[in-house]
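The values are calculated or read from the model by the stated rules, or taken from the named source; none is laboratory data. Not measured: the values here are computed from a predicted model. Neighbour counts are summed over all protein chains in view; Cβ atoms, including those assigned to glycine, are modelled from backbone coordinates with ideal geometry.
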Amino acid sequence: MSADVIVVGAGIVGAACAAELAARGLVVDVVDARGIGGGATAAGMGHIVVMNDSAAEFALTRASRDLWLALAPHLRERDAFVRCGTVWAAEDDEELDAAQTMRDAFAAGGVRAHLLDATGLREAEPSLSHALRGGVLVDDDAIVYAPAAAQWLLTRSEGAARIRVVTGCAVAGVAATDSAASITLRGGERCHAAHVVVANGIAAAELIDGVSLEAKKGHLLITDRYPGTIRHQVAELGYIKSAHHARGVSVAFNAQPRPTGQILIGSSRQFGNVDPAIDARVLALMLRRASRFLPGIGALNAIRAWTGLRAATPDGMPLIGPARFAGDRLWLAAGHEGLGVTTSLGTAALLADQILGAMQAPYAAAFSPQRFAREPVDG
Ligand SMILES: Cc1cc2nc3c(=O)[nH]c(=O)nc-3n(C[C@H](O)[C@H](O)[C@H](O)COP(=O)(O)OP(=O)(O)OC[C@H]3O[C@@H](n4cnc5c(N)ncnc54)[C@H](O)[C@@H]3O)c2cc1C
């Protein structure tokens with residue numbers, strides 16, 4: 001190998017980083033232990049969504065969604081990109097207030113969003129429970145089939161001729177000095193480059209000391225084809241609480257209309273559980289929750305259910321930047337939890353700016369891995 005950059009991991013984050021660096025003229029080798037888009041990327045929902053839990057999250061998700069919208073005309077049918085929008089549904093007064101706050105924050109940040117009363121919600125999504133009080137419609141959110149998009153980024157994007165992908169090749173170690181970096185393959189072979197980007201998802205902690213990532217297991221289920229049942233990605237406003245703040249097992253309603261007419265139903269979160277087996281009890285809880293919002297769901301045929309692991313940092317924000325210290329040639333792009341498909345393109349832009357010494361976005365510091373650097377111990 002002889003590349004400017006070696007990217008470890010061909011999930012959506014590694015693929016996006018490789019594509020961005022190649023588009024900026026660098027020669028990139030991508031090494032994956034398995035195949036393209038086979039990790040969390042294959043297990044996820046592919047909802048491209050603006051979230052505003054914090055100013056930095058809002059900035060990154062919004063910038064990333066804009067990048068997806070710009071990429072969309074170039075993607076193939078099999079990448080299944082649809083700008084379907086998101087409907088956030090409110091069950092009670094407290095969630096209606098949250099809907100108003102969300103709409104106001106989005107409007108202030110230039111994100112198209114509309115408050116829906118109960119009638120507006122029913123018009124937008126007639127299959128939703130008529131007991132719901134209203135919600136918010138976010139026009140420009142989208143969906144994508146992330147494993148295919150990862151493959152597109154690595155093989156069809158603007159700089160793809162400068163990307164070489166090596167699959168079935170596990171990286172056992174990474175190293176760097178202030179002028180070069182290297183990886184060691186499991187077979188012992190060492191490969192050198194000017195920079196190494198570690199983007200191997202939940203396994204990043206195995207390659208970089210001090211990285212703390214916790215698994216958040218999730219279940220998803222897909223139905224047979226029922227075109228038109230829902231038109232937008234639909235989620236309960238309570239999802240935001242469940243996604244970021246819960247411990248133990250939590251479920252929240254989240255449903256996606258696939259271009260095939262199938263409905264993808266989520267979602268669950270279990271901390272620290274890395275067993276890939278389906279837990280029938282959690283799946284049942286998730287479906288019971290979904291039927292509260294989509295009462296007709298019990299009559300649909302499910303054809304497959306699966307699980308995946310989200311890689312969560314202690315503060316729920318991804319790790320994007322120098323892996324160990326400023327000036328390092330070892331870089332991290334990992335820990336994207338439940339938003340890695342959305343934020344992959346924004347992550348790649350932030351990381352490429354840093355690697356190439358370009359002007360950084362003002363919110364870049366919020367994602368620096370250095371925020372978890374251990375304080376020096378006195379005495
Ligand atoms: C149930 C569920 C639902 C989700 N829904 C959404 C959603 O709707 N929207 C959204 O934005 N995000 C969603 N996510 C999150 C999203 O899927 C992830 O954040 C994203 O896929 C992470 O991508 P990644 O490239 O960092 O990691 P991965 O996709 O896990 O890729 C890591 C790659 O690294 C490789 N690798 C690991 N170790 C090594 C090694 N030592 N050497 C070489 N290669 C190695 C693996 O083989 C793998 O291919 C969801 C996740 C789950 C589990």
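Numbers below:
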read-out: Strands (runs of 3 or more DSSP E) completely within segment 1-103 that count 3 or more residues being hydrophobic (A, V, I, L, M, F, W, C) and under 30 Å from L237 (Cβ atoms); value: 86-90
read-out: Sole exception among (1) surrounded by fewer than 20 Cβ atoms within 10 Å (Cβ to Cβ); (2) out of contact with any Asp or Glu (no Cβ under 8 Å at 6 or more places or on another chain); (3) within 24 Å of F81 (Cα to Cα) for G266, by number; value: (1)
read-out: R292 more than 15 Å from the ligand (Cβ to nearest atom) and either closer than 22 Å to G135 by Cβ or assigned by TED's automatic domain parsing to the domain that holds G321 (or both); value: yes
read-out: Inter-residue pairs, beta-carbon under 7 Å, first on the phi > 0 side of the Ramachandran plot and in segment 314-336, second assigned to a loop (DSSP other than H, G, I, E, B), 6+ apart; value: G321/S368; G327/D178; G335/L213; G335/T313; G335/P318
read-out: Odd one out for H232 among (1) free of Cβ contacts under 8 Å to residues at least 60 places away in the same chain; (2) surrounded by 16 or more Cβ atoms within 10 Å (Cβ to Cβ); value: (1)
read-out: Filter result for the condition that a residue is more than 23 Å from T41 (Cα to Cα) and either near the ligand (Cβ under 10 Å from one of its atoms) or in contact (Cβ under 8 Å) with a residue 40 or more places away in the chain (or both), over A194, A199; value: A194
read-out: Checklist (1) within 11 Å of the ligand (Cβ to nearest atom); (2) in a strand (DSSP E or B); (3) touching a Leu at 6+ places or on another chain (Cβ under 8 Å); (4) not basic (K, R) applied to L309, failing item; value: (3)
